[in-house]
1. Could you check residue 227 against (1) part of a helix (DSSP H, G or I); (2) loosely packed, with under 15 Cβ neighbours inside 10 Å; (3) modelled with pLDDT under 95 and say which number it fails?
2. Is there a residue in the range 298-308 that is closer than 27 Å to residue 167 by Cα, surrounded by fewer than 14 Cβ atoms within 10 Å (Cβ to Cβ) and touching a residue at least 40 places away in the same chain (Cβ under 8 Å)?
3. Got a number for residues in the range 206-225 being more than 17 Å from the chain's Cα centre (by Cα) and farther than 18 Å from residue 296 by Cβ?
4. I'm checking my understanding of the structure. Among residues of the range 178-190 that are at pLDDT below 90 and within 29 Å of the chain's Cα centre (by Cα), which one is nearest to residue 157 (Cα to Cα)?
5. Kindly indicate whether any position in the range 34-52 is buried (at least 16 other Cβ atoms within 10 Å of the Cβ) and either part of a helix (DSSP H, G or I) or out of contact with any strand residue (DSSP E or B) (no Cβ under 7 Å at 6 or more places or on another chain) (or both).
6. In contact with a helix residue (DSSP H, G or I) (Cβ under 9 Å, 6 or more places away or on another chain), in a helix (DSSP H, G or I) and either at pLDDT 95 or above or at positive phi (or both): which single residue out of 246, 266, 253, 259 fits that description?
């Protein structure tokens with residue numbers, strides 16, 4: 001049996017549920033907004049983990065779950081808790097339920113896509129960059145500072161530089177311009193990551209179970225996720241095929257981070273140098289699948305169900321051959 005956890009209407013969760021239905025796989029969809037009607041307990045005896053998940057109308061044995069896909073939003077921000085005091089019983093129950101769920105998933109003898117501990121490397125972009133470099137990828141020259149003068153010197157050295165958040169909190173990647181430079185004093189209270197700008201083609205690579213699905217992005221924007229705002233036109237997405245060496249690098253990086261599934265952000269320069277910016281452990285793959293038709297959700301569903309996945313390779317341009 002497979003357990004899906006999160007908000008059912010969210011596209012990635014909805015797509016995987018649909019693929020599991022097409023496969024006639026046995027699965028349970030736990031809507032975390034229904035936490036008040038749920039309960040969970042588990043115990044460990046010797047090497048056995050047993051317990052129960054209770055929903056509003058059913059009870060499931062934890063030991064029956066062989067695949068788990070958690071895509072949980074921050075439980076503190078659930079709409080059901082709006083207006084609740086910080087110390088309210090409902091808020092305490094919600095935190096306790098999610099804490100127990102996450103602790104069980106960390107040790108469950110199942111295929112979990114992904115466990116929390118391996119995902120933690122993404123909480124520090126500088127730390128993850130060191131791990132990425134160890135796998136043979138280039139990483140842009142980086143400055144992390146709260147000193148405005150160091151930023152000015154960094155910009156003078158590189159000409160074009162970008163800035164973004166250090167943490168896992170999503171930020172819009174921007175090029176530093178004269179208007180931004182005039183506001184640099186603000187970083188004294190917020191250390192920020194600055195990087196030398198790298199020219200090239202953005203490629204998002206989703207890796208799962210030895211497969212790599214690559215999407216090239218055509219956009220003039222610094223951050224193609226916000227291409228409409230930054231360049232006035234949406235990004236164009238197209239499926240591409242990686243050369244074997246680069247494919248294996250991406251798969252190896254995912255495995256070394258302890259992840260089952262990752263969204264790896266690359267930029268390939270005109271000289272075929274491959275820079276890696278990030279390995280996202282909870283990728284919103286639905287955006288890429290909906291634009292290219294790549295069977296990413298199908299591959300994830302097959303991994304959860306421990307079934308072989310057969311991919312039919314299209315004739316596509318090679319990247320970084």
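1. Among (1) part of a helix (DSSP H, G or I); (2) loosely packed, with under 15 Cβ neighbours inside 10 Å; (3) modelled with pLDDT under 95, the lone unmet condition for residue 227 is (2).
2. The initial filter retains those residues of the range 298-308 that are closer than 27 Å to residue 167 by Cα, namely 300.
Keeping just the survivors that are surrounded by fewer than 14 Cβ atoms within 10 Å (Cβ to Cβ) gives none.
No; the residues of the range 298-308 include none that is closer than 27 Å to residue 167 by Cα, surrounded by fewer than 14 Cβ atoms within 10 Å (Cβ to Cβ) and touching a residue at least 40 places away in the same chain (Cβ under 8 Å).
3. So the count comes out to 5.
4. Filtering the range 178-190 for residues that are at pLDDT below 90 and within 29 Å of the chain's Cα centre (by Cα), the one nearest to residue 157 (Cα to Cα) comes out as 180.
5. yes
6. Values: 246 fails: in contact with a helix residue (DSSP H, G or I) (Cβ under 9 Å, 6 or more places away or on another chain); 266 fails: in a helix (DSSP H, G or I); 259 fails: in a helix (DSSP H, G or I).
Result: 253 is the single residue among 246, 266, 253, 259 that is in contact with a helix residue (DSSP H, G or I) (Cβ under 9 Å, 6 or more places away or on another chain), in a helix (DSSP H, G or I) and either at pLDDT 95 or above or at positive phi (or both).
The values are calculated or read from the model by the stated rules, or taken from the named source; none is laboratory data. The shown structure was predicted, so the numbers you read here are calculated from the model rather than taken from an experiment. As a convention, Cβ positions derive from the backbone with ideal geometry for all residues, glycine included, and neighbour counts pool all protein chains shown.
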